[in-house]
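The values are calculated or read from the model by the stated rules, or taken from the named source; none is laboratory data. Values in this document were obtained by computation on a predicted structure and should not be read as measured data. Heads up, the Cβs are rebuilt from the backbone with ideal geometry, glycines too, and the neighbour counts pull from every protein chain shown.
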Amino acid sequence: MCIANPEKKPGIPEALGRLFPLRGDAVPPVVRETPRRRKLWEIANKYHCPIVGTCLTVEELRKLARRAGLEGWDSESDYTLHSTAVGLARDRNELSEPMQKWLERKFEATVKRFAKAKSADELLSLWRMAMARGEAASALWAALSHGLADERVAHLVYEDIHMLSHQVGAASRADLAELARLRRTEAELTLKLERQLERHAAQLAEKEEELRSLGRRLASAAPARENSGMDDGTARQRIAELEQRLEAEAQCAARAEKRCGELAAQAAELNRKAEELQGEWEAAEEALTRALTPPACRDCAESREGRCASGDFSGRCILCVGGRSGLADHYRSLVERSNGRFVHHDGGLEDNPKRLQILLCAADAVICPADNVSHGAYYVVKRLCKQYGKPCVLLKRSGLSTFARGLAELAENRP
């Protein structure tokens, strides 16, 4: 007897296949992982200066340099040590590896918090929240070393930390003015206190002498009272009056002494505040110096020999068109420190516009802060520099730090 083969029942794989059919060329979805975090030497070299200057104190940097056996770690200036560290941070070496480990350990909590970011926008949001809380140093390292920190994110972070340095500079100048005012007040109060002490000491000596005189008069009056027949009631009344007067003088002396103590305490408090402001100003000034150190100065050998880090103009004539008139002397100082000759035209505000073309023809290079110049002078500078082939740097702002970077750009592009 022939038995027919029974129909095969579908299993679980076949059932799932009917429910969720796949094309023949379908591939499983790929799970994208967040890029790994960057090491210090894997971060773009132009960001090493703010990282080393903001995230590491000078004491920490010297300790790491000593452990790495870096020559001159205990004798070089703070600036030279900073420049050396920035230069070595671009490669993996005996100093960059300890710096990497130190930064990871120092800012471990912030790095873990930033690791939760799954996109560049989330990373920027964490950075801005940290800046609002005043966590600039830890957030700078956590953001720039993050795997999602592309060029756009890194540039925005750099912009924020650069502008923070300007705010620190403004705060330090305000603190310096307050410090000067407190010192003047302290000097005035100290002089006033000394004069009051002298006056009260003289008054006290006068009262003591008067008391001694009254005592002598009282002693000499006793025999005369006996001879004159003065009764005891009159004598007791006179003694009571003298004692009351003595008590009043003693109270006056006590009030004067208390006032002297109050003035001394006030002067001590002002001196303490002045010392605190001095320390804060010095710390702010050091932070500003680190933050504003131009990238060109990171590993420049000339800076170790005391020469200007922005370059040598070799006597070339640098024409500045526009800028703040109050900063003209500082512009001149920056140019002359770089062995250049400085010529200034205010950009058509007061100087004759016709004189501008003469100065442009005679200059070797031109630098123009665009926020303090007339429109006519601005376009004349652009047109003539292009026509005569003269190097020209157009600045968005006229501050000293911006002007210094403009000079550095002229020096780097020198023919």
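Remarks
- Of the criteria (1) modelled with pLDDT of 75 or more; (2) surrounded by 14 or more Cβ atoms within 10 Å (Cβ to Cβ); (3) among the acidic types (Asp, Glu), which one Asp175 fails: (1)
- Residue check, Leu246 modelled with pLDDT of 75 or more, touching a helix residue (DSSP H, G or I) at 6+ places or on another chain (Cβ under 8 Å), surrounded by 14 or more Cβ atoms within 10 Å (Cβ to Cβ) and more than 30 Å from Asn271 (Cα to Cα): yes
- When Lys101, Lys112, Lys106 are screened for being out of contact with any Pro (no Cβ under 9 Å at 6 or more places or on another chain) and touching a residue at least 40 places away in the same chain (Cβ under 8 Å), only Lys106 passes.
- Residue count for region 311-339 under the criterion of being in a loop (DSSP other than H, G, I, E, B) and either among the acidic types (Asp, Glu) or more than 20 Å from Asp371 (Cβ to Cβ) (or both): the result is 8.
- For region 136-148, filtered to residues that are part of a loop (DSSP other than H, G, I, E, B) and touching a Phe, Trp or Tyr at 6+ places or on another chain (Cβ under 9 Å), the residue that is surrounded by the fewest Cβ atoms within 10 Å (Cβ to Cβ) is Ser145.
- Output for region 88-125, where each listed residue is aliphatic (A, V, I, L, M) and more than 25 Å from Glu71 (Cβ to Cβ): Ala109, Val111, Ala115, Ala117, Ala120, Leu123, Leu124
- Taken together, Ala137, Ala143, Ala132, Ala149 contain a single residue that is within 21 Å of Glu59 (Cβ to Cβ) and either free of Cβ contacts under 8 Å to residues at least 60 places away in the same chain or not aromatic (Phe, Trp, Tyr) (or both), which is Ala137.
- Residues that are closer than 21 Å to Tyr158 by Cα and assigned by TED's automatic domain parsing to the domain that holds Ala154 occur in region 69-81; there is at least one.
- Across region 114-127, the number of residues qualifying as surrounded by 13 or more Cβ atoms within 10 Å (Cβ to Cβ) and assigned to a helix (DSSP H, G or I) comes to 7.
- Tallying residues that are aliphatic (A, V, I, L, M) and over 15 Å from Ser145 (Cβ atoms) within region 77-116 yields 5.
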